[in-house]
Structures are given as structure tokens and as C-alpha cells.
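The values are calculated or read from the model by the stated rules, or taken from the named source; none is laboratory data. As the structure is a computational prediction, the values presented were derived from the model and not from experiment. Quick reminder, even Gly has a Cβ in these numbers, built from the backbone with ideal geometry, and neighbours come from all protein chains shown. Ligands, DNA and RNA are stripped out before the accessible areas are found, and what is left, the full protein with its side chains, is counted by its heavy atoms. Shrake-Rupley method; radii C 1.70, N 1.55, O 1.52, S 1.80 Å.
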Amino acid sequence: VKEVEEIGMLLPQVEESVLSLGKFNSMVSLAAFFPFKSAQAALENMNAISEGVVHADLKLFLETNLPLSGKKKAVLGVSDAKIGAALQEEFSISIQTGGAVVEITRGVRLHFHSLVKGLTALAASKAQLGLGHSYSRAKVKFNVNRADNMIIQSIALLDQLDKDINTFSMRVREWYGYHFPELIKIVTENSMYCRLAQLIGNRKELSEESLESLEEVVMDSAKAQAILDASRSSMGMDISPIDLINIERFSNRVVSLAAYRLELQEYLRSKMSQVAPNLAALIGEVVGARLISHAGSLTNLAKYPASTVQILGAEKALFRALKTRGNTPKYGLIFHSTFIGRAAAKNKGRISRYLANKCTIASRIDCFSDLPTSVFGDKLREQVEERLSFYETGEVPRKNMDVMKEAVKEATDVAAEIKRKLEKKEKKRKKREKKLQELAENGETNGEAEVSYF
């Protein structure tokens with residue numbers, strides 16, 4: 001760079017002059033250019049820069065072309081502050097980021113094909129596009145949060161389904177209530193009400209033969225008999241067959257949604273047992289999934305201190321309390337766990353603090369352990385149970401060190417068992433592959449023999 005006025009670079013007319021190649025060339029000239037040997041090398045360099053690491057290629061290029069000695073000390077302009085800090089440690093030279101550097105980098109990107117001989121704008125654009133696709137693909141492929149994403153989406157869908165099922169069930173109650181209003185008081189559960197609306201249809205057609213099918217739905221003979229008696233003396237209005245068909249179809253949709261919700265909950269349970277088994281064992285699958293979803297990923301949750309996990313989900317109440325100088329909230333999402341509900345009013349804050357501490361430990365174990373096991377989660381749950389008992393009865397709980405020693409021992413045994421099973425599975429797979437290879441070779445030999453015979 002020949003001349004740079006720090007103040008002048010901020011002026012709009014100077015910013016516009018970067019767009020002109022003639023004016024830009026008067027300020028900047030190309031001293032050295034080092035093309036990547038392959039697309040793979042370019043991707044490696046790009047990944048290193050995104051992580052703030054100085055790649056060997058970049059180091060070699062700067063050592064070769066950077067004037068480290070001389071009367072006037074060179075200043076290296078770097079657009080990314082993270083890589084700038086890494087370069088400063090590596091070379092011990094003056095680094096400049098922001099301000100003028102941003103504008104010069106913009107000009108270099110814009111006029112790159114003109115600065116490098118033999119490079120066209122089309123070729124540069126294609127190379128950038130290909131590298132961009134490769135980089136994005138690698139980022140998606142090696143995304144450490146990819147397993148968490150499924151949990152986050154599942155819990156969000158579960159919450160949405162709960163709201164929708166409740167709304168639709170209320171609509172079925174209101175609609176079918178015109179025909180059979182007494183059923184609302186007898187059956188309070190939404191999903192069961194929709195199934196009954198689907199089954200009964202016209203209440204006038206209910207008879208003693210229908211009693212068995214009603215019992216199957218309500219799981220109570222007295223309640224089934226009450227429905228039958230109420231249908232005979234109902235105050236409801238008569239309803240046309242076409243209206244009944246529409247109510248039945250809508251009820252069927254609500255029932256299928258409720259069935260899908262159960263399947264989704266089972267899927268969430270299986271995902272949590274794979275991704276965060278200890279957190280799920282300690283606080284439950286749904287509450288654990290909500291914590292991961294609120295934090296953004298399991299890694300983020302593992303980075304949080306226990307004090308943050310304790311009030312996660314109660315941010316509004318916290319800031320309102322800080323603003324008004326009132327009492328801060330004792331718990332957030334962890335309130336939905338069974339422990340806080342079972343604790344006495346005076347101990348709720350104490351148990352929520354203790355539970356948040358154990359949740360933080362569980363999430364860190366899940367995040368950084370190689371083999372997922374629920375051993376630590378079970379032990380941590382036992383500790384919370386003991387602490388709850390201590391608050392109620394005064395029975396002294398076990399020491400944390402003793403419990404963790406037991407957990408480590410059990411976890412080692414479980415990990416050894418898992419490894420043994422994996423090795424056994426691998427041996428079987430290799431044996432199967434070897435057999436298939438032998439069969440393929442025998443087939444080829446037989447084929448050659450037949451050809452030579454003919």
C-alpha cells in the first residue's frame with residue numbers, strides 16, 4: 001500500500017474511489033501472489049483462517065514476502081481480528097485491523113482479477129463459488145451441534161402440537177357439545193373426548209351393544225354406563241348427517257395428532273438417550289430437551305455456570321427484578337422437574353440451586369465424554385434425592401467424592417462392555433466380508449473354468 005489516510009478513508013468520496021481501478025492502482029500495487037496448489041489446500045487454509053489458526057502455507061508466504069527488517073517497520077493489515085492476533089504472536093510485528101484495512105481489502109476483492117495476470121473475472125468467480133460450496137458443506141458435515149438440532153426441533157414441535165391439540169379439542173367440544181352437551185362433564189380429557197365423539201356419532205343410535213366399545217375408550221365401566229344414560233336423556237339438539245360427518249372427520253384428525261405426539265415424545269426420548277443420557281436420567285427427557293433448546297446447543301449449555309442454568313427461561317423475571325430492585329427468581333425451566341415440586345416451600349430455592357449444579361455437571365459429561373452412558377446421571381439423581389431427604393428428615397447424604405468414585409468405576413465397566421460389543425460386531429462384519437469375497441473369487445474361478453472348457 002503506497003499511501004493511506006486513516007481519516008480520508010472514512011470519507012464517502014474516498015470509499016467510492018476504491019471502486020475505480022485506476023484510482024485504486026495508484027494507492028495499491030501487487031507485491032506477491034501465491035496460488036493454492038489444489039482445491040483441497042484452499043479449503044484447508046480457509047478452515048484454518050475461520051478457526052483463527054495460522055496455516056503453514058500462510059506462514060511460509062509471509063516469511064518469504066514480508067519485509068521484517070529495514071528502517072521503516074512494516075505494518076500488516078488483516079481483515080479478521082482473530083487471525084490478526086494469531087499472526088502477531090507468530091511474527092511479533094505491528095498488526096492493523098479495521099478502518100483503512102477494510103476498504104483496501106474490499107478493493108482487492110473487487111479488482112483481484114485485474115491485479116493478477118492471466119486471471120479472468122469469470123475464472124475467479126467460479127473458483128470462489130466452488131470454494132464457498134466446499135467450505136459450507138464441510139461446516140454442515142462437521143457441525144458439532146447437528147445431533148442437538150434434532151432435539152431442539154423435536155421439543156419445539158412437541159410444544160406446538162400441545163397448543164394445537166388443545167385448541168382443536170376445544171373446537172370439537174364446542175361443536176359436538178351442541179348435539180351431546182352432557183358428555184363434556186363426564187369426560188374431561190381432550191384426546192378421549194375426541195375419540196368418543198368419533199365413536200358415538202349420533203347419540204340417539206347408542207344402545208347396550210355400544211357399551212363394550214365405550215368401555216374400551218374410557219377404560220371405566222361406570223363412566224361408560226353414565227355416557228349411555230346421559231345419551232338417552234340428553235338436552236342436545238338434533239344434528240344432520242353431513243354435520244356429523246364433518247365433526248367425525250375433524251375428531252379423527254385430532255386423534256391422529258395426539259397419536260403422533262406420543263410417537264414424537266418417544267423419538268425425543270431415544271434422541272436424548274443418545275445425545276444427553278446423563279441429563280435425561282437426572283432431570284427427565286422433556287426438561288433436559290428444553291434446557292438444550294433454550295441454550296442453543298448442548299455445548300452452550302455445558303459452558304454455562306450453574307447459576308445461569310438455574311434461572312434459564314426466567315430472563316424476563318430476572319431483569320424485571322434487577323430493574324425494580326425486587327427479589328430475583330429462584331428457578332426457570334428446571335421448575336418443571338419433579339424435585340422442585342416435591343420440595344417444601346422454604347426449600348425450593350435451595351433444591352433448585354443444588355439441582356442446577358448437578359444439571360451443569362451432567363451436561364458437561366454428556367458434551368465431552370466419548371461413550372454415552374447414563375451412569376453419572378443416575379448417580380447425580382440419587383444425590384438430589386438424598387439432598388431432598390436431608391432437607392425433610394435431616395438424614396445426612398453421602399459425600400460427593402464417594403458417589404463420584406462409584407460412578408467412575410461403574411462407567412469404566414459399562415464403557416468396557418460397550419467396547420467389547422463393538423469389537424465383536426466389527427469381527428462379525430469382517431468375517432462376513434471375507435466370506436463374500438471368497439464366494440466372489442470362487443464364482444470368478446468357476447466362470448473362467450467354464451469358458452476354457454467351452
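For the reader, a short list of remarks on this structure follows.
- Close Cβ contacts (under 7 Å, 6 or more residues apart or on different chains) running from residues in the range 350-368 that are farther than 13 Å from Lys330 by Cα to residues that are among the aromatic types (Phe, Trp, Tyr) and open to solvent by 40 Å² or more (accessible area, probe 1.4 Å) comprise Thr360/Tyr304.
- Given (1) open to solvent by 70 Å² or more (accessible area, probe 1.4 Å); (2) in contact with a strand residue (DSSP E or B) (Cβ under 7 Å, 6 or more places away or on another chain); (3) not charged (D, E, K, R), index of the condition Thr120 fails: (2)
- Qualifying residue in the range 316-327 (condition: surrounded by 18 or more Cβ atoms within 10 Å (Cβ to Cβ) and either within 25 Å of Gln274 (Cβ to Cβ) or charged (D, E, K, R) (or both)): no
- Out of Val53, Val1, sole residue that is open to solvent by 60 Å² or more (accessible area, probe 1.4 Å), modelled with pLDDT of 80 or more and β-branched (Val, Ile, Thr): Val53
- Among the residues making up the range 294-312, those that are of a type outside the set (Lys, Arg), farther than 21 Å from Leu388 by Cα and either in the same structural domain as Ile155 (by the TED database) or open to solvent by 40 Å² or more (accessible area, probe 1.4 Å) (or both) are His294, Asn300, Tyr304, Pro305, Thr308.
- Elements of type helices (runs of 4 or more DSSP H) contained in the range 102-183, each with 1 or more residues being closer than 30 Å to Ala230 by Cβ, at pLDDT 90 or above and among the acidic types (Asp, Glu): 146-177
- Here the range 199-253 is the region considered, the condition is being of a type in the set (A, V, I, L, M), more than 18 Å from Val187 (Cα to Cα) and open to solvent by less than 100 Å² (accessible area, probe 1.4 Å), and the residue that is modelled with the lowest pLDDT is Ile239.
- Verdict on Glu395 being open to solvent by 40 Å² or more (accessible area, probe 1.4 Å) and under 15 Å from Arg342 (Cβ atoms): no
- Sole residue being touching a Gly at 6+ places or on another chain (Cβ under 9 Å) and modelled with pLDDT of 85 or more, chosen from Ile361, Ile365: Ile365
- For the residues Ser125, Ser114, the requirement of being surrounded by 14 or more Cβ atoms within 10 Å (Cβ to Cβ), among the polar types (S, T, N, Q) and out of contact with any strand residue (DSSP E or B) (no Cβ under 6 Å at 6 or more places or on another chain) singles out Ser114.
- Criterion violated by Gln265 - all others in (1) of a type outside the set (Gly, Ala, Ser); (2) buried (at least 20 other Cβ atoms within 10 Å of the Cβ); (3) within 30 Å of Leu380 (Cβ to Cβ) satisfied: (2)
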